[in-house]
Structures are given as C-alpha cells and as structure tokens.
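The values are calculated or read from the model by the stated rules, or taken from the named source; none is laboratory data. Just so it is clear, the model here is predicted, and its values are computed rather than measured. Here Cβ is always computed from backbone atoms with ideal geometry, including for glycine, and neighbour counts include all displayed protein chains. SASA here: full protein model, heavy atoms, side chains in, ligands and nucleic acids out. Shrake-Rupley method; radii C 1.70, N 1.55, O 1.52, S 1.80 Å.
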Amino acid sequence: IFRAIGRSPEGGAFDRPTMKSQAEKGRDDGESLMSIENRKVVARQFVDSLRASDGALFESLFTSDAIVETVGSMAVSARKPVSHVVKEIGVLKQVFPEGMTLHLVTMTAEDDRVRCELQGRNSTPDGTNYDNRYVFILEFDGDLIREAREYQDTAMVERVLMPTFKQLGIVANPN
C-alpha cells in the first residue's frame, strides 16, 4: 500500500491509502516489469526458433545447464539437455524444410514463468495434416530460460510424425 494525496470535501489535503497494482506488487520481491517484458521477448524468440527450426537461436535462449522436458509417454518424451533438443530440431527441419507454421494463440507471464499456447498448421512431406496444439511453460533465470516443459497431443505425434520419421529414415530420438 502506498499513500496518495487527495482533497477532503472541505478542500483540505489528506492522505488516503491506495492499493498497488499486480505489476507493482511484483516489484516488492525484486521483480521488475522490464524483466517480465524481456522474458516475453525471449519467449517470442523461442517460438520463432521453433518456427524456423533454428537450433542456434533456440540454444542461445537457454542457460548452460537448462533442461527441456517433452511431457508424455511417446518415444521423444523425456527430460533432456538443450543440446539434445537442438538435434531434434534438426530432425524437424528434415520433415518441415520450410519451417513450421505455428500461431501464438496466447502468452501469459508472471514471476519467472512465461506460458505460450501455440496452434500448428502443417503438413508432412506426404501431405498428411499435422495441426498439433502446444503449451510451453518456460521458467527463467534472469532473461534466459532455465527449464522448458512442452505439452502437446502425443497421440498425434505417434500417429503422424513417427511414421513420417520412419519413411524418411529418421531416428526419432537422436543421441
């Protein structure tokens, strides 16, 4: 709570308590609005790196010890170092050589986290639609991502991408 100077009905000055906004409350624990805005910029770059299958950009957005988790029970589900995910991005570049069409549906940021919801509109080389939805939870250390969790329709990945990987002779989980 901070104080604002107002005028009483009689015309005299008085202090009146005023509530802080949510953004101002965040600053109490050292969080600045600029850091949240910077994290949203990094989150947009993260999405851009996926769209373009740009492993170098992707890697530059993470801390050196960051982890990426693909949540689920499919072949590529695991907690992995960023270097491993860069190899997976290279695999996706073979399936989607022009990059992926990913629409940013929503983005929310709070504290050290940014959540991105994406809608994909893609086709495999044989013309099969691959219109998956994704949610990424990005946790930050400063302005770099320290952990990313990916949620998606894993049944669609198994049904559409895994056969495509097999047809192209691609190893789904490169070492």
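Annotations for the structure displayed:
- Neighbourhood charge, 14 Å Cβ-Cβ cut-off, centred on Thr70 and excluding it, Lys, Arg +1 and Asp, Glu -1: -2
- Using a probe of 1.4 angstrom and keeping all protein chains present, the accessible surface of region 111-170 works out to 48 square angstrom per residue.
- Two-site FRET efficiency, Lys87 against Glu139, from Cβ-Cβ distance with R₀ of 22 Å, rounded to 0.05: 0.50
- Those GluC sites (Glu not before Pro) in region 53-122 that DSSP places in a loop and that have at most 12 other beta carbons within 10 Å: Glu98
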